[in-house]
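*Asks:* Sharing a structure with you now.
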Amino acid sequence: MTGGALALAFFDHSREIYGTARTGATLLFRGRSAEVLAAAPEVSEEAELRTVRVEDRVALEFEPAQGEVDLGAVSAQVARVTGEVDGVPIEGVGTLSETRQAPAWEELDALRTISALIEDGDAMLALARRPRGASGHGHELVAAGLLHEGETMAVEETRISTVYDSEGRQRSAGLELWLPGEEFPRRGSGVAVAGSSLELEGLYVHAAVFRWRLDGREGIGAYELMVRQEEPRAA
């Protein structure tokens, strides 16, 4: 990674402590309870290790566990995460994502990022951009990568189906990953175990922690939906 805008997420499934950190917002989850921290995260780098601190409450180290996945404007890595949150030891998995080119929100209605971190270090990472005026999922531009046994596998087509609640927040999702030369897609499904919504720089952000099942194996990860706020129309 080369120093673009960073977003970091971590998941300690055994303790049910999760979080995301980026410029402007840090979210912490304990079980289903969510809290937004006012202080911006401080991120330092030494070799490939990144340290994240938020006031005296969060101190975590992210150590990349596999190579980067290229999602176009974003590159992402799976990481091992250790440290403390509010004095509680943390040992889990996470992601390091670098946005190399800021989204052109005048051309987009929504942006979705999904991570499914599966046992044994495998993972699925995806980025979906919905052009302005598109009718739904079928018109999104989706990039995805599948990590398996330390190798990045190309994904030719990714289909993401989502069930939302009455407030437009993601509650469950299905995945179909079509790989070159394979007759049938690899399938996955997920359900939200925690979530929170906030407004950030002209966007509505719905962030959720998802429990995933991919090709019969269990995992944890995130499903984040950013929706452009519509400007009020003149009377």
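*Asks:* Sort His13, His139 so that the residue with the fewest other Cβ atoms within 10 Å of its own Cβ comes first and the one with the most comes last.
*Replies:* His139, His13
*Asks:* Another question about this same structure. What is the sum of charges, Lys and Arg at +1 and Asp and Glu at -1, for the other residues whose Cβ falls under 9 Å from the Cβ of Leu49?
*Replies:* Every neighbour counted, the sum reads -4.
*Asks:* Report the extension gain between Val36 and Glu63 in nm, rounded to one decimal, defined as 0.36 nm multiplied by the number of residues separating them, less their alpha carbon distance.
*Replies:* Answer, rounded to one decimal: 7.3 nm.
*Asks:* How far, in nm, would the chain grow between Ala47 and Glu167 when pulled straight, counting 0.36 nm per residue and subtracting the alpha carbon separation?
*Replies:* Full-extension gain reported as 39.0 nm.
*Asks:* First select every other residue whose beta carbon is under 9 angstrom from the beta carbon of Arg80; then total the charges, Lys and Arg +1, Asp and Glu -1.
*Replies:* -3
*Asks:* Next question, about the same structure. Going by average Cβ density within 10 Å per residue, which order do the peptides 197-209, 116-128, 45-57 take, highest to lowest?
*Replies:* 116-128, 197-209, 45-57
*Asks:* Could you grab the relative contact order for the chain? Cα pairs under 8 Å, six or more apart, rounded to a whole percent.
*Replies:* About 14 percent, as a whole number.
*Asks:* Same structure again: So what's the net charge close to Arg130: Lys and Arg +1, Asp and Glu -1, counting the other residues with Cβ under 13 Å from its Cβ?
*Replies:* Its environment carries a net charge of +1.
*Asks:* What is the set of long-range amide H partners of Ala5 at a cut-off below 5 Å, with H atoms built 1.01 Å from backbone N?
*Replies:* When sequence neighbours closer than 5 places are left aside, the close amide H contacts are Thr99.
*Asks:* Return the sequence-ordered ³J(HN,Hα) values of the range 26-40 in whole Hz as given by the Karplus equation 6.51 cos²θ - 1.76 cosθ + 1.60 applied to θ = phi - 60°, using x for Gly and Pro.
*Replies:* Karplus values, whole Hz, x for Gly and Pro: 10, 10, 10, 10, 10, x, 8, 7, 10, 9, 9, 8, 6, 6, 6.
*Asks:* Using a basic spin-label model with each label point 7 Å from the Cα along Cα→Cβ, how many nm lie between Glu119 and Glu55?
*Replies:* 3.8
Only the coordinates and a few stated rules stand behind these numbers; no lab work does. This is a predicted model, so every value here is computed, not measured. Virtual Cβ from ideal backbone geometry, glycine too; neighbours counted across all protein chains shown.
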